[in-house]
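Remarks on the structure that follows.
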Amino acid sequence: MQKKKTKYIFVVGGVMSSVGKGIAASSIGKILQSRGYRVSNLKADMYVNIDAGTIRPAEHGEVFVGEDGIEADQDLGNYERFTDQVSTRTHYVTTGQVYAEVIKRERNLEYGGEDVEVYPDIPKEIIRRIEVCQQKNKSEIVIIEYGGTVGEYQLLPFLEAIRMMKAKNPDDVFVCLISYLPTPSLLGEQKSKPTQRAINDLHSMGLNPDFVICRADKPATPDIKRTISNVCSLPIECIISAPDVYSIYDIPVNFEKENLGATFLKTMGLPLKNKDLADWTAFAEKIKNIKKEVKIGIVGKYFNLKSCKDTYISVIESINHASWAMNLKPNIIWLDSEKYEKNPKLLSELDELDGVIVPGGFGDRGIEGMILTADYARIKKIPYLGLCLGMQILTIAYARNILKLKGANSTEMDMNTPHPVIATMADQIDKIKNKNYGASMRLGAYDCLISKGTIAMNAYKSAKISERHRHRYEVNPKYVPDLEKAGLVFSGKSPSGILMEIAELPKSVHPFYLGTQFHPEFKSRPLSPHPLFSAFVKACISKK
Ligand code: GLN
């Protein structure tokens, strides 16, 4: 029997960025998966950084952490939420990784004395990485999303990689262009010229799209579809509309209305299997009609640039999933912690909320405002969920205000604190001294043991869980006995018992006061919310 050949779909952007390429790639993955295929979604980013771990969140959005500790682009979060794929480093490629590997091999004399050239050695390494993703994940279809837009200088070796793959396997390699159709307000009609320009850019690289997805506020008109199909000599059904929608979860449903699954499979020469999108479709429909609100404040610090929606995307989606499952419409209020340190009286605005979340973060800016928030939420019995930094904040606030340890802090914020209740593990000290910052935190999935009779146990209903981490600092074991004596419950610990993973107050003291050293937000899914977010939202509505 002939070996089944893997199909590769390259998703590239045209005209402009930020039109939802990641969601489109995730949705294509979802649809093909619903048709019974084993799909992997991979992201290739053009920057020279080895990973996203050293990029400012306000610059690049959330750093999404994979199971094996890869610090990746936020799109891997979209892939997981749509297809439930478990992301690892095989799903993420950057220019930096590609060059680092080629240079390492050159230093090892692996090119046997040849010149090592940008062409073809760089595209070859890009292809090798895509094939590793396919092999490791045993995928039948690999969807590779390229960051940026065609026409960009940095994208050239990546486009060349497609051309080389396609030259070798013309029936297995496909290009999907995600373009944008502007509607100038003076004209009031969609224009396809920028998309035609993007197609020309692809042509100049020896590539023609096999599919064009047209992002716009409205569906693409038949005229526009015809024009685009002519420019790239494609059947009209390969030009697919992607108008604005109520929620990102509508996008796979809308794509199927345009027959995307059947068109893709037919073009790729794959059998049309049945689709199973019923649960997803019902879910996307249900959330539109939810009226009752739950009001949740996020007290964070990355609000200055671009949009906080990118910075905290997994937290937002986790709140959404948990709320929707309880037929609640989340109303998220963005609160900059710095304002509370300037004027603590403003904290009274937290009284208006049903609950408050202090998410992850780095560095000392805004920290005092978060500590004030944690203390206020404790006293006023406002449900509080601390994520990573938010758990460290909860612990510092408890040490200062209950144990009366004046000046208690994390050594990340104050190297000379008299009470380092949060401090680094020994192995981190050398890393910091040697400026070894890249991929050197405690990263990825680790087991955690949960104590009986706690809020955590009630949520997880399991004595052993695994969650993803990204932190350099920890609860200092020296302070654990005193904190416990003072009433703080460490309901989750590493199997060694040394690392504190969850801190909480008993239900008899506070309706919900809990922080996790890990990031539960990376594992919430639209149809299966994370149990800790569900428990938190439940506490929020009970407060009402
Ligand atoms: N800055 C803290 C640490 O490194 C918290 C990290 C985070 O919130 N992800 O431990």
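Return the residue satisfying two criteria in turn: it lies in the range 340-385 and is within 15 Å of the ligand (Cβ to nearest atom) and assigned to a strand (DSSP E or B), and of such residues it is nearest to Arg470 (Cα to Cα). Of everything passing the filter in the range 340-385, Val358 is nearest to Arg470 (Cα to Cα). Applying the criterion of being out of contact with any Ser or Thr (no Cβ under 9 Å at 6 or more places or on another chain) and part of a loop (DSSP other than H, G, I, E, B) to the residues of the range 235-259, the residue that is farthest from Arg81 (Cα to Cα) is Asn259. Just so you know, in the range 506-535 the residues that are among the polar types (S, T, N, Q) and buried (at least 24 other Cβ atoms within 10 Å of the Cβ) include one that is farthest from the ligand (Cβ to nearest atom), and it is Ser524.
Residues in the range 455-474 that are in contact (Cβ under 8 Å) with a residue 40 or more places away in the chain and away from the ligand (no atom under 16 Å from the Cβ): Ile455, Ala456, Asn458, Ala459, Tyr460, Lys461.
Scanning the range 387-414 for residues that are in a loop (DSSP other than H, G, I, E, B) and either within 14 Å of the ligand (Cβ to nearest atom) or under 19 Å from Pro359 (Cβ atoms) (or both) returns Cys388, Thr411, Glu412, Met413, Asp414. On the basis of being crowded, with 24+ Cβ neighbours inside 10 Å and within 24 Å of the chain's Cα centre (by Cα), does Gly366 make the cut? Answer is no for this residue.
Considering only residues in the range 493-505 that are part of a strand (DSSP E or B), within 16 Å of the ligand (Cβ to nearest atom) and touching a Leu at 6+ places or on another chain (Cβ under 8 Å), the one that is nearest to Asp427 (Cα to Cα) turns out to be Ile502. Contact map, the range 189-204: residues that are farther than 22 Å from Tyr153 by Cβ and among the aliphatic types (A, V, I, L, M) paired with residues that are surrounded by fewer than 14 Cβ atoms within 10 Å (Cβ to Cβ) and modelled with pLDDT of 95 or more, Cβ distance under 7 Å, separation 6+ or inter-chain. No pairs are found. From the list Ile382, Ile357, pick out the single residue that is crowded, with 22+ Cβ neighbours inside 10 Å, closer than 16 Å to Tyr340 by Cα and not aromatic (Phe, Trp, Tyr). Just one listed residue meets the conditions, Ile357. State yes or no: is Ile296 among the β-branched types (Val, Ile, Thr), touching a residue at least 12 places away in the same chain (Cβ under 8 Å) and within 16 Å of the ligand (Cβ to nearest atom)? Considered against the rule, which asks whether it is among the β-branched types (Val, Ile, Thr), touching a residue at least 12 places away in the same chain (Cβ under 8 Å) and within 16 Å of the ligand (Cβ to nearest atom), Ile296 comes out as no. Only one entry in Pro481, Pro477 is within 16 Å of the ligand (Cβ to nearest atom), more than 30 Å from the chain's Cα centre (by Cα) and at pLDDT 95 or above, namely Pro477. Every residue in the range 416-454 that is within 26 Å of Pro520 (Cβ to Cβ) and of a type in the set (Gly, Ala, Ser), please. If the condition is that a residue be within 26 Å of Pro520 (Cβ to Cβ) and of a type in the set (Gly, Ala, Ser), then Ala423, Gly438, Ala439, Ser440, Gly444, Ala445, Ser451, Gly453 are the ones that fit. Looking across the range 170-192 at every residue that is surrounded by 22 or more Cβ atoms within 10 Å (Cβ to Cβ) and of a type in the set (S, T, N, Q), the one that is farthest from Gly20 (Cα to Cα) is identified as Ser192. Taking strands (runs of 3 or more DSSP E) as the structural unit, no element lying wholly within the range 1-110 holds at least 3 residues that are among the small types (Gly, Ala, Ser).
Restricting attention to the range 209-234 and to residues that are in contact with a Ser or Thr (Cβ under 9 Å, 6 or more places away or on another chain), charged (D, E, K, R) and not in a loop (DSSP other than H, G, I, E, B), the residue that is surrounded by the fewest Cβ atoms within 10 Å (Cβ to Cβ) turns out to be Asp223.
I need the full set of residues from the range 148-169 which are crowded, with 16+ Cβ neighbours inside 10 Å and outside any helix (DSSP H, G or I), in order please. Correct list: Gly148, Thr149, Val150, Gly151, Glu152.
From the list Ile332, Ile313, Ile319, the lone residue that is within 16 Å of the ligand (Cβ to nearest atom) and of a type outside the set (D, E, K, R) is Ile313.
The lone criterion from (1) within 15 Å of the ligand (Cβ to nearest atom); (2) within 18 Å of the chain's Cα centre (by Cα); (3) surrounded by 17 or more Cβ atoms within 10 Å (Cβ to Cβ) left unmet by Ala439 is number (3).
Within the range 452-490, the only residue that satisfies the criterion of being in contact with a Lys or Arg (Cβ under 8 Å, 6 or more places away or on another chain) and of a type in the set (Gly, Ala, Ser) is Ala463. Selection of the range 50-95 for residues being closer than 28 Å to Phe303 by Cβ, at pLDDT 95 or above and more than 14 Å from the chain's Cα centre (by Cα) yields Ile50, Thr94. Whenever a residue of the range 419-441 is closer than 22 Å to Ile367 by Cβ and in contact (Cβ under 8 Å) with a residue 24 or more places away in the chain, its partners that are within 13 Å of the ligand (Cβ to nearest atom) and of a type in the set (A, V, I, L, M), lying with C-beta atoms within less than 6 angstrom and at least six residues away or across chains, give the pairs Val421/Ile396. At negative phi, in contact (Cβ under 8 Å) with a residue 24 or more places away in the chain and either of a type in the set (A, V, I, L, M, F, W, C) or out of contact with any Phe, Trp or Tyr (no Cβ under 7 Å at 6 or more places or on another chain) (or both): does that describe Val93? Considered against the rule, which asks whether it is at negative phi, in contact (Cβ under 8 Å) with a residue 24 or more places away in the chain and either of a type in the set (A, V, I, L, M, F, W, C) or out of contact with any Phe, Trp or Tyr (no Cβ under 7 Å at 6 or more places or on another chain) (or both), Val93 comes out as yes.
The values are calculated or read from the model by the stated rules, or taken from the named source; none is laboratory data. Just so we're clear, the structure is a prediction, and the values are computed from it rather than from any experiment. Glycine also receives a Cβ, built like all others from the backbone with ideal geometry; neighbour counts cover every protein chain displayed.
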